[in-house]
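No lab work stands behind these numbers, since they all come straight from the coordinates. Note that the coordinates shown come from a computational prediction; the quantities given were computed from them, not determined experimentally. Note: ideal-geometry Cβ built from the backbone for every residue, glycine included; neighbour counts use all protein chains shown.
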Amino acid sequence: MKEEDAEHGTYASYQQCLKRPEGTCEPCRKAGAEYMRQWRKDRPLAYGRERAKTNARGRAWARLAHMQPTLFQALYQEELERGEAS
């Protein structure tokens, strides 16, 4: 953390610190964690629904991979190669 960066320790500064090559500083990391704790506390139903959707999506992917292993592997390999090209 630089001395001239007086705004560290807020969620907004945490978002900016995430973009820095050296990563987040301790005050910003704490602010980000506190923000998420509060967000989950304030929105338990929304957070639970999102988590349920994510879990369902993972189970669906696993089932698809089991039902169509050749197709799934081909698509997976394409995406890996596409990611390396970008």
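Checking Cβ-Cβ separations below 4.7 Å across the chain identifies C25 as cysteines lacking any candidate disulfide partner.
In this simple spin-label approximation, A12 and R49 carry label points 7 Å from Cα along the Cα→Cβ vector, and these lie 2.9 nm apart.
Counting Lys and Arg as +1 and Asp and Glu as -1 over every other residue whose Cβ lies under 13 Å from the Cβ of R57, the net charge comes to +4. Using the rule -39500 (n - 2.57) for each DSSP H run of four or more residues, divided by the residues of the chain, the 222 nm mean residue ellipticity is -25500 deg cm²/dmol.
Taking 7 Å steps out from each Cα toward its Cβ at E84 and K19 produces label points 3.1 nm apart. Amide H contacts under 5 Å for G9: Y14, C28, restricted to partners 5 or more places along the chain or on a different chain, H placed in the peptide plane at 1.01 Å from N. The candidate values were [x] 20.3, 69; [y] 13.5, 46; [z] 19.4, 57; the one computed from these coordinates for Rg and Dmax of the Cα atoms in Å carries the label [z].
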